[in-house]
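A short write-up of the structure that comes next.
The values are calculated or read from the model by the stated rules, or taken from the named source; none is laboratory data. Quick caveat: nothing in here was measured; it's all calculated off a predicted structure. Virtual Cβ from ideal backbone geometry, glycine too; neighbours counted across all protein chains shown.
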Amino acid sequence: MALAPLAPSTRNLIDGRLVEASNGARFENVDPATEERLGDTADGTKEDMEQAVAAARRAFDETGWSDDAPLRARCLRQLHEAAVADKEALRSIVVHEAGAPVSLGSYMHVDDPIDMLAYWAEKAESHRPETRMEDVPFLGRPQGRILRREAVGVVGAITPWNVPLYLNIAKIGPALAAGCSVVLKPAPDTPWSATHLGKIATETDLPPGILNVVASSDHSVGEILSTDARIDCVTFTGSTATGRRIMACAAETVKKIFLELGGKSAHVVLDDADFAAVLPFAATTCVHGGQGCAINTRLLLPRSRYEEGVAILKAAFEGWSYGDPKDPRNLQGPQVSRRQQERVLGYIEAGRREGARLVVGGGRPAHLERGFYVEPTLFADVDPDSTIAQEEIFGPVLCVIPYEDDEDAIRIANRSRYGLSGAVSSASDERALAVARRIRTGTLAVNGAQWFHVDTPFGGYKQSGIGRENGQMGFEEYLETKVMAVPAGFDAG
Ligand code: NAD
């Protein structure tokens, strides 16, 4: 498929200006499907990050942004329109730098995320910061109270590489709508999904310093966002290990933190399910190389129908089409980098070593000479306590685990340090829902229904994170709460 030509070089956005790094350095952006250099990006330094934080602080403290809802709604609409106008450039960026299959563009990677900006513009407009609470007595005299929900302040937003445009917008959209200023730090593997947004933001009325974008090849540049006292809230999506580190760093200045972390979600297939209809979809574990936090990577099959289920899965994995992300027939492209490819292959090796049965795949595909590809891989007879059943692989690898009865399935599904997503399939919606109610996880698909929407609060239990992204709850993550006691009968208008 012909994609828009790429701008080979981008800059950071600091205090309303597109700038090179303070030391002039740039870093390469590589196409994971071809291993070729796409171009480069200004390599933000610690000084650049300090400047961006200072700009965001000043813009929040010294402009009327947080109190000017019409301006915020207008800027978000302008950003939406500019992103729509530049959609093909953004599509090309996401496909090239993240290796995201072009076939998934409309759903998660490009079109839907861009339209989320319109949703956040509407939220900026409809939010009523102040509400009157019921009067309450104090020492026998009635007291009035005004509840105020206002912007939390300066937000440091740190994002990963797997669905970069979506995640960048999922953070800057609600933060700007709520009245915050933002410093966005994208992952080094996918800088352009952020710097290009920064570029089009300069075409809007956003006041200088309200949105800053600092790409860097150095992770420690991002760490400033979790340590600097001028940042009020860190919103992070990425691995649980980095989330833990951010939480520890943020403790020093007692920042508000909002973490969207890893997952190891289970699809529980009950013994009355229509296997022929349900199980072929389990190959979608390999979508985008399995690089999705909410993908179901454990499949729980009843022992009474176990081999029947594994045979259907085997056929689905063998027939799965993958390869060049620019080919619309493929739902699986490469892993984002050689490092990720090797990490996934290392987990496959661990699965073999620990005694799981390798049914399909397990290596680098012989027919794809270049690119960081991994074969769609199906493991059966996986011990629920083994490494591949417990750790997030972030690759096209499905672990099939047998269970005895519904209670056993629920126990295995919950035997995880994560709790991000999952699914339950049964011939009966009621039976599936009853099992879903008992799984400790943030989102669940019952009998194939899908929860993904900008209005759905998304996030995890346990080590999958703290807080919820999207929807009204996601918006409120960027608000502080103030109560102003006023004389009873006082009418604030
Ligand atoms: P990562 O944790 O390695 O990096 C994420 C971001 O954190 C990058 O921008 C990186 O530069 C930055 N970073 C690294 N060290 C830092 C530090 N000490 N201080 C501040 N920033 C730092 O994650 P990744 O490999 O880029 O992404 C994959 C992970 O993201 C997976 O675990 C996946 O489950 C998770 N993820 C979660 C969700 C969700 O919503 N729950 C969504 C997508 C991805």
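General observations
- Qualifying residue in segment 112-127 (condition: of a type outside the set (A, V, I, L, M, F, W, C), within 14 Å of the ligand (Cβ to nearest atom) and either buried (at least 18 other Cβ atoms within 10 Å of the Cβ) or within 17 Å of the chain's Cα centre (by Cα) (or both)): yes
- Residue 366 vs. criteria in contact with a strand residue (DSSP E or B) (Cβ under 9 Å, 6 or more places away or on another chain) and of a type in the set (Gly, Ala, Ser): no
- Residues of segment 159-176 include at least one that is touching a strand residue (DSSP E or B) at 6+ places or on another chain (Cβ under 9 Å), assigned to a helix (DSSP H, G or I) and of a type in the set (Gly, Ala, Ser).
- Evaluation of residue 309 against (1) within 16 Å of the ligand (Cβ to nearest atom); (2) over 30 Å from residue 93 (Cβ atoms); (3) not basic (Lys, Arg) (one fails), failing number: (1)
Matching residues to (1) hydroxyl-bearing (Ser, Thr, Tyr); (2) surrounded by fewer than 17 Cβ atoms within 10 Å (Cβ to Cβ):
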| residue | (1), (2) |
| --- | --- |
| 404 | no, yes |
| 415 | no, yes |
| 426 | yes, no |
| 435 | no, no |
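- Selection within segment 204-221: residues that are assigned to a loop (DSSP other than H, G, I, E, B) and more than 24 Å from residue 239 (Cβ to Cβ). The member of this set that is nearest to the chain's Cα centre (by Cα) is 210.
- Condition met for residue 378 (over 21 Å from the mean Cα position of the chain (by Cα), closer than 25 Å to residue 97 by Cα and not basic (Lys, Arg)): no
- Looking only at residues in segment 244-293 that are assigned to a helix (DSSP H, G or I) and among the aromatic types (Phe, Trp, Tyr), the one that is farthest from the ligand (Cβ to nearest atom) is 275.
- For beta carbons closer than 8 Å, sequence separation of 6+ or different chains, a first residue in segment 147-166 that is among the acidic types (Asp, Glu) and a second that is outside any strand (DSSP E or B), the qualifying pairs are 150/66; 150/129; 150/179.
- Scanning segment 458-493 for residues that are over 27 Å from residue 414 (Cα atoms) and part of a strand (DSSP E or B) turns up 479, 480, 481, 482, 483, 484, 485, 486, 487.
- Selection status of residue 136, part of a helix (DSSP H, G or I) and either farther than 29 Å from residue 227 by Cβ or of a type in the set (Asp, Glu) (or both): no
- One residue alone among 474, 459, 489 is in the same structural domain as residue 232 (by TED's automatic domain parsing), under 30 Å from residue 66 (Cα atoms), touching a residue at least 60 places away in the same chain (Cβ under 8 Å) and not hydrophobic (A, V, I, L, M, F, W, C), and that residue is 474.
- When the residues of segment 222-243 are filtered to those that are more than 6 Å from the ligand (Cβ to nearest atom) and part of a strand (DSSP E or B), the one that is surrounded by the most Cβ atoms within 10 Å (Cβ to Cβ) is 235.
- Considered as a group, the residues in segment 177-203 that are without any contact (Cβ under 8 Å) to a residue 40 or more places away in the chain and not in a helix (DSSP H, G or I) include one that is surrounded by the most Cβ atoms within 10 Å (Cβ to Cβ), and that residue is 184.
- Breaking point among (1) of a type in the set (A, V, I, L, M); (2) touching a Leu at 6+ places or on another chain (Cβ under 8 Å); (3) surrounded by fewer than 18 Cβ atoms within 10 Å (Cβ to Cβ); (4) farther than 30 Å from residue 139 by Cα, for residue 483: (4)
- Residues located in segment 74-102, provided they are assigned to a helix (DSSP H, G or I) and surrounded by fewer than 21 Cβ atoms within 10 Å (Cβ to Cβ): 74, 77, 78, 81, 82, 84, 85, 87, 88, 89
- Identity of the residue in segment 32-55, surrounded by fewer than 22 Cβ atoms within 10 Å (Cβ to Cβ) and of a type in the set (Asp, Glu), that ends up nearest to residue 198 (Cα to Cα): 40
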